[in-house]
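In what follows, a structure is listed as structure tokens, so that the remarks can point back to it.
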Amino acid sequence: MSYPKRMTKVLIAGHKRHLETTVDALYEADLLHVEDFVEGDDSDFEIGMPIEYGEEVSRKLVKVRSIANALNVKPTSETVPLTESDVSKQLDVKLAEMDKEIDRNAEELSRLDARVKDLESAEKEVLPFLGYDIDLKYYSGYDNLAVFSGTVSSLNESRLLEITDAYQLFTDSGSKFFVLFVAKKFEKDIQSVLADMGYREMKAPDKSGYPSDIYAALEAEKSEIQAQIESLIAERAALNEKYGNFILASDEFLSILSEKAELPLRIATSEHTFIIEGWVPTNNFDEFTAAVSSKTNDGVYITTLEVDMHDEKEIAKIPVEYENSKIASPMEAVVDLYSRPKYNEIDPSSILAISFPLVYGMILGDIGYALVLMTLAFLVMKFMKSDAVKKLMYVLIYCQISALFFGIIYGEFMGFPLAGLMSHGVYTPGLIPGLETIVFDFGIIAGEPLMFPIHRTHMIMTFLIATAGFGFLHLNVGYIVGFFDVKGQHGVKHAVLEKLSWIVLEIGVIAAIVAWYLGLGTVGIAVGAIIAVIGVVMLAKGEGIKGPIEIPGLLGNILSYTRIIAVGLSSIYIASTVNDIAFGGLIWTPADGFSVMMFISILIFILGHSLNTVLSIIAPGLHALRLQYVEFFGKFYASGGKIYKPFGHLKKYILEE
């Protein structure tokens with residue numbers, strides 16, 4: 001349990017002739033979180049103008065990113081960083097070179113793509129006529145013949161015969177397309193009859209030659225063009241390989257220059273001076289001061305500023321950076337999903353490193369699923385280098401360690417019980433022969449017999465009470481953390497009234513219930529009631545009317561923890577159902593020997609448990625998150641801190657010189 005990293009407010013002032021050097025120094029230090037300057041009517045300072053090279057850098061950056069998009073440049077394991085001086089010297093020449101090559105490649109691709117579309121359009125025109133061995137020149141140019149070609153919904157030749165038998169009809173049995181040659185004098189009558197049949201005209205292309213020959217020629221040309229397109233695509237891939245490293249390094253180099261050029265837009269300037277305010281981690285202040293002073297040859301003035309820690313508006317401006325151990329740091333990703341803590345409140349990451357995996361493990365509690373998901377997490381970490389993904393995978397590993405522990409306690413493996421159990425006269429064998437459940441005849445909770453390994457399906461009432469009890473303890477941890485938060489922010493009195501009052505109230509209620517249960521009489525119950533009333537009075541004084549109104553919600557919060565057993569049982573029943581379908585005799589049993597049904601059973605087993613494995617990430621994860629975010633955080637966590645973003649850049653594709 002710790003607070004975020006301590007920050008020091010810094011002011012840097014100097015003459016404008018040192019501005020560019022100062023910006024370079026701040027960027028290299030990568031420690032100063034710049035506080036944006038806001039112009040005021042009573043101020044002699046105004047927001048500055050970008051550094052002169054900014055416009056040219058922006059233009060080049062747009063060009064580089066356009067080229068990167070055209071070549072689909074992505075970082076790979078073979079990406080080699082370049083020195084800043086190499087990039088700077090070659091940038092203009094290579095930009096012009098790349099631009100020329102890519103423009104030529106793009107223009108040629110565009111021309112060929114357009115030609116392919118023309119060919120495909122021509123093929124569509126010829127395609128209906130492929131079934132007829134008639135030269136296309138014979139479909140037009142007659143003085144005494146009319147030609148109809150197209151489709152009808154239903155061709156009734158008898159109606160044509162009613163007009164004349166002086167025609168030649170060609171039909172395609174595989175389609176509704178037809179060609180009709182008829183004497184010119186019957187054209188209007190035939191056209192009227194065809195219209196009744198749903199005639200849709202499809203004119204023959206204005207070409208000469210047989211359709212099959214024309215279509216083959218079009219296909220040949222299209223194949224030739226496709227080969228040229230593939231060659232151009234391969235050429236583009238070669239350009240990617242040739243320029244990929246340089247493009248990535250140039251993008252980073254220009255991005256850095258662009259950020260530097262735009263910093264004056266965030267700071268205060270006058271005609272001759274500039275002022276920069278921001279925040280530096282207290283532990284790094286001396287290092288920061290030395291680096292900036294050295295780079296600027298002591299040309300700027302650096303000092304610290306006092307911050308009123310009683311002013312909420314001032315506190316809200318302080319950026320928040322985590323300061324956790326390596327074990328707790330992965331949980332920062334879980335906290336960030338909710339919101340970063342304020343500067344003056346306790347960071348819950350360390351607490352979540354225990355409580356979140358604990359709740360997840362209590363829900364899942366299966367050795368098989370835990371081992372599968374843990375293996376999956378390690379594989380993802382091996383093949384994906386993203387720091388954000390690695391943090392989430394560490395969280396998943398923590399959860400699976402907990403699920404493995406509870407899987408041993410519950411004695412569960414992929415829905416199979418590890419130990420045999422006699423229940424209501426029915427014996428259920430376990431996965432491990434000879435391993436039997438130890439049953440304690442006395443029931444401590446809910447009157448149910450206790451057993452080990454713990455069979456959740458036979459101890460539902462016990463688990464309901466136990467999970468509610470766990471929720472009660474978890475929420476009170478939240479009140480205790482809240483006590484220290486409020487104590488640090490407003491003093492002991494406020495902490496006692498706002499947070500300790502809830503614990504006093506709970507003690508009073510518990511004392512009254514115990515007195516009633518043990519038969520201690522009216523006096524015992526009255527003592528508990530008085531303590532509870534004192535807690536309510538303290539609560540009303542600390543939080544106003546809102547406090548007493550929220551008292552019924554505490555019971556709802558506690559009961560919400562019973563979802564631990566509910567969601568856990570759903571996972572068990574899904575797994576056991578898959579097992580019953582696969583190997584329970586519905587499809588196949590080991591006594592049946594090798595058969596097709598055996599492979600079907602194995603397939604059902606794999607697919608069913610694969611689905612449940614996915615659900616084993618989603619359901620326990622979401623419900624564990626909900627209990628942390630809604631119930632637990634609601635007792636102490638205000639959140640809303642500003643993320644610490646130092647002015648600087650972690651260079652990936654540019655080597656330090």
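Listed values, structure above:
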| quantity | calculated |
| --- | --- |
| Packing-based order for 642-655, 496-509, using average beta carbon neighbours within 10 Å, highest first | 496-509, 642-655 |
| Filtered trypsin sites (Lys or Arg not before Pro), the stretch 381-420: DSSP coil and at most 11 other beta carbons within 10 Å | Lys385 |
| Eligible aspartates and glutamates near Lys546 by straight Cα distance, threshold 19 Å, same-chain separation 8 or greater | Glu498, Glu506, Glu631 |
| Check: the stretch 464-560 dipole with +1 on Lys, Arg Cβ and -1 on Asp, Glu Cβ, in debye | 160 debye |
| Cα lying deepest toward the dipole's positive end in the chain, options Ile531, Phe177, Val307, charges on Cβ | Ile531 |
| Ser423-Thr164 pseudo-label distance in nm [points 7 Å out on the Cα-to-Cβ vector] | 9.1 nm |
| Cα-centred dipole magnitude for the stretch 144-265, charges only on beta-carbon of K, R (+1) and D, E (-1), debye, nearest 20 | 500 debye |
| Residue-averaged [θ]222 nm for the chain, counting only DSSP H segments that reach four residues, each worth -39500 (n - 2.57) | -19000 deg cm²/dmol |
| Kyte-Doolittle at least 0.5, axis length at least 18 Å by Cα - qualifying DSSP helices, the chain | 349-364, 367-383, 387-410, 460-490, 501-518, 521-543, 563-583, 596-626 |
| Calculated FRET efficiency for the pair Ile525/Met309, C-beta based, R₀ 45 Å, to 0.05 | 0.50 |
| Between the stretch 131-150 and the stretch 277-332, the Cα center-to-center distance that results, in Å | 87 Å |
| Which of Ala290, Met362, Leu263, positive extreme of dipole for the stretch 262-402 (C-beta unit charges) | Met362 |
| Inverse of mean 1/r across different Cα pairs in the stretch 464-560, Kirkwood, Å | 14.0 Å |
| Cα gyration tensor shape of the stretch 286-403, rounded if a/c is under 1.5, else prolate or oblate by comparing a/b with b/c | oblate |
| Descending semi-axes in Å of the stretch 211-322, equivalent ellipsoid built from Cα gyration tensor | 61, 19, 15 |
| Proximal charge balance of Leu500 [Cβ under 14 Å; K/R count +1, D/E count -1] | +1 |
| R0 of 60 Å, Cβ-Cβ distance Ala638-Ala195: FRET efficiency to nearest 0.05 | 0.15 |
| Highest-first arrangement of 30-39, 221-230, where packing means the average Cβ count within 10 Å | 30-39, 221-230 |
| Residues whose placed amide H lies under 5 Å from that of Glu436, excluding near-sequence neighbours | Gly420 |
| Lysines whose Cα lies under 17 Å from that of Lys642, excluding same-chain neighbours fewer than 8 positions away | Lys5, Lys9, Lys313, Lys317, Lys342 |
| Cα lying deepest toward the dipole's positive end in the stretch 308-351, options Ile346, Tyr322, Val335, charges on Cβ | Val335 |
| Dipole magnitude of the chain about its Cα centre (Cβ charges: Lys, Arg +1; Asp, Glu -1), debye to nearest 20 | 2000 debye |
| Mean Cβ count within 10 Å, highest first, over the residues of peptides 404-413, 196-205, 426-435 | 404-413, 196-205, 426-435 |
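Here, each number is a calculation from the coordinates, and none is a lab measurement. Remember, it's a predicted structure, so these values are computed and weren't measured experimentally. Virtual Cβ from ideal backbone geometry, glycine too; neighbours counted across all protein chains shown.
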